[in-house]
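Worksheet for the structure shown next.
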Amino acid sequence: MPKLIGANGNFEIIVFGVVMVLLLQYARQGVWPFVARLFPRGPSVHVPDHSDPLPQRSKPESGSPLLIVNKARKEFGGLVLVNDVSFEVKAGEIIGNGAGKSTTFNLVTGVLQATRGAISFHGEHIERLNSREIVKRGIGRTFQHVKMLPGMTVLENVAIGAHLRGKTGVWRAVSRD
């Protein structure tokens, strides 16, 4: 850069900053879609999806205990955010937490570890498992500010979370084998 401009300095940082601003302004969906728009491939062809449906789990008997949270607590130093919360969800129930206690959901889903207390799912203690292990067992969460990915259907947005139940690897999914 100094030879092009004819002056000494760290002009690479300025050029990098300008490129970043331009990418953030004009490539809001990412760099790859931006590049793909510059080199269109012609008319796109819709390929029907003939994949097998996701495997169904066996459903527990309606009314049987499914999720039990017993005196779960979360402390950050001297601040108690979740104070001995206990509840039970039975199979077939729909329960909402209108109080907005996302910390409780973080405890149930393994995003945070409980300071004390017990959380079990299908009779298995899960309070010490990490979130990846808990989601494999069937408990997942969404966040309060869910934003759909533009350019994708609702079904495609929901299917993003189905990867744990599929048997296809990354390269087979990309190549649609």
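Here are some notes:
- If you filter segment 1-31 down to residues that are of a type outside the set (V, I, T) and touching a helix residue (DSSP H, G or I) at 6+ places or on another chain (Cβ under 8 Å), you find that the one that is nearest to P150 (Cα to Cα) is A27.
- Check on I94, over 30 Å from Q29 (Cα atoms), at pLDDT 90 or above and either under 22 Å from the mean Cα position of the chain (by Cα) or outside the structural domain of G30 (by TED's automatic domain parsing) (or both): no
- Looking across segment 104-131 at every residue that is part of a strand (DSSP E or B) and charged (D, E, K, R), the one that is surrounded by the most Cβ atoms within 10 Å (Cβ to Cβ) is identified as R116.
- Considering only residues in segment 74-90 that are modelled with pLDDT of 85 or more and within 24 Å of the chain's Cα centre (by Cα), the one that is surrounded by the fewest Cβ atoms within 10 Å (Cβ to Cβ) turns out to be V89.
The values are calculated or read from the model by the stated rules, or taken from the named source; none is laboratory data. Quick caveat: nothing in here was measured; it's all calculated off a predicted structure. All Cβ positions, even for glycine, are placed from backbone atoms using ideal geometry, and neighbour counts span all protein chains on display.
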